[in-house]
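Colleague: Pasting in a structure now, in structure tokens, and then I'll have a few things to ask.
Quick note: the coordinates plus some simple rules give every number you see, no bench work behind them. Note that this is a predicted model, so its numbers are computed, not measured. Cβ placement follows ideal geometry from the backbone for every residue including glycine, while neighbour counts extend to all protein chains displayed.
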Amino acid sequence: MTLTTDLVAACERHIGPQDYKRAATHFLDWLGTVLATRGTEAELAFGSVVGVQDGATVGLSIARDHPDDAAFALGALGSLLEMDDLDRTSILHAGDTVCPAALCSALHAGVSAQLFLRSILAGYEVALHIGRAAAQGGYTSWYNSSVCGVFGATMASGRAYKLNSAQQAHALGHAGMQASGIWQARLEQGHAKQLATAHAARAGLSAARAAKAGLAAPLEILEGELGFFASFYPDAQSNAPTIQSEAEWLLHEVSLKPWTACRHTHPSIAAALDLRTDIRAAEKLQQVHIYTYEAAVAFCDNANPQDAHEARFSLQHCVAVALLHGPPQRADFEQRARRDDPSVAALRKRIRVIEDPGFTADFPLAYRSTIEVTDAQGAQILRHAPHAPGDPEVPLTVTQVSEKFIRNCREGNIQHATAEALQSAVFALPEAADLSELQRAFDLIPNNETARTRA
């Protein structure tokens with residue numbers, strides 16, 4: 001037995017109605033984050049990479065006949081607006097790679113709706129088990145979403161292509177040979193991390209089909225002397241956890257984002273929104289202190305963001321918007337007039353971000369924040385967010401996920417009737433015979449000529 005064969009065996013366990021429903025919910029959330037990008041310069045650019053001029057979301061309609069191109073195009077879009085799901089323990093956005101690989105493989109292979117959802121469950125399971133071992137000490141220089149996500153994409157694709165157990169294990173070996181992505185992408189502007197997840201999603205299909213064709217790969221790709229852990233994550237826990245037959249699928253522990261910003265800002269936004277109810281004039285606050293964990297400070301301490309991307313990674317901006325106007329909207333990041341609003345800019349300058357050693361010790365098992373404000377009269381008010389909204393402890397309701405999806409479709413200039421048809425098709429998947437209703441809903445999406453191009 002090897003770690004890859006253990007992971008394959010673990011994915012054979014029982015799947016209940018609540019598991020199918022959870023997989024459909026996460027797929028809907030991913031789909032919405034993709035559709036919200038329609039008409040953006042990056043979405044159009046990633047479409048051109050695979051030879052289409054109608055944008056990367058065209059992958060939804062070409063997946064049946066061009067699964068590799070579709071997986072690449074769609075794999076790039078999940079994180080463009082920083083709304084992708086996240087597993088805290090692995091610091092991994094598995095949906096960015098698993099969902100496009102599962103969808104494109106399933107449509108290409110013409111499988112049942114249930115097998116498609118099982119592919120998603122298995123893909124998340126493998127990506128998160130490997131990712132959690134890799135993230136034992138927190139962040140490294142490797143970009144987990146692509147480096148570990150390629151294993152999840154491969155498992156999802158392997159399930160959709162109906163590989164047997166031995167073939168699935170070899171497919172995971174091929175996945176390890178294609179793992180890539182480093183965090184230099186965080187330090188310089190661009191779309192390199194999206195290109196990395198795009199590659200990982202497409203590589204999942206290649207790895208699965210290579211194994212199905214009989215091409216062998218290292219079965220000890222994870223724990224071997226020259227294997228994945230030794231090469232990428234030498235401090236990782238090299239033994240996969242034993243999975244009991246009654247264990248809950250790890251997908252249930254994945255967080256969903258309510259706001260279009262870096263996940264490290266979310267607990268602070270939540271604390272600020274709670275605090276806002278006790279503040280009459282936020283613009284007159286003397287000072288604001290944000291206490292949070294070291295990773296949040298490293299990623300998001302920026303009092304003067306210059307563009308939408310920097311604003312999404314600015315604790316000062318996110319908290320200033322929350323205190324002044326309520327839950328951050330996409331326009332608060334993308335519209336210059338709102339991003340550089342004088343009241344927001346002035347409050348950002350009075351916000352100080354401070355590391356709390358206790359919160360750092362809790363990371364990545366918990367993302368926490370405390371906000372303390374001093375009002376115009378010198379009174380201090382404090383709020384603590386022990387978890388970020390959307391975490392398993394404070395999950396988004398199905399209604400909230402649905403509202404987020406409809407809002408994202410509207411942002412992508414998709415008519416409400418089409419958005420409802422898409423949502424209905426996804427929520428029907430656990431009981432559907434096949435993916436035909438979902439494909440028909442995809443065909444209703446208009447071409448990108450009608451999508452808004454954002455500055």
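Colleague: With all pairs of different alpha carbon atoms counted, what Kirkwood hydrodynamic radius in Å does region 195-339 show?
Modeller: 19.3 Å
Colleague: Shifting gears a bit: Could you calculate the contour length gain from Glu12 to Ala379, that is, 0.36 nm times the residue separation minus the distance between their Cα atoms, to one decimal place in nm?
Modeller: Numbers: separation 367, 0.36 × 367 = 132.12 nm, distance 5.78 nm.
Length gained, Glu12 through Ala379: 126.3 nm.
Colleague: How about region 260-301: which trypsin sites (Lys or Arg not before Pro) there are in a DSSP loop, with at most 14 other Cβ atoms within 10 Å of their Cβ?
Modeller: Hits after loop and neighbour filter: Arg280.
Colleague: Here is a follow-up. If you fit an axis through the alpha-carbon atoms of helix 17-35 and take the longest principal axis of the Cα set of the chain, what angle between them do you get, 0 to 90°, nearest 10?
Modeller: Around 70 degrees separate the two axes.
Colleague: Report the Stokes-Einstein translational diffusion coefficient (µm² s⁻¹, integer) for region 263-385, Rh taken as the Kirkwood radius over Cα pairs, at 37 °C with viscosity 0.692 mPa s.
Modeller: Value of D from the Cα-based Kirkwood radius: 234 µm²/s.
Colleague: Still on this structure, I have one more. Enter the angle in degrees (range 0 to 90, nearest 10) between the Cα long axis of helix 266-276 and the first principal axis of the Cα atoms of the chain, meaning the one along which they spread out most.
Modeller: Roughly 30 degrees between the two axes.
Colleague: Can you show me the helix-derived [θ] at 222 nm for the chain, built from DSSP H runs with n ≥ 4 at -39,500 (n - 2.57) apiece and divided by the number of residues, rounded to the nearest 500.
Modeller: Dividing the helical sum by the residues of the chain leaves -15000 deg cm²/dmol.
Colleague: When N is the residue count of the chain, what does its C-alpha Rg come to as a fraction of 2.2 N^0.38 Å?
Modeller: Rounded to two decimals, the normalised Rg is 0.95.
Colleague: Right, another one. Give the distance, in whole Å, between the Cα centre of region 251-299 and the Cα centre of region 166-210.
Modeller: Answer, in whole Å: 32.
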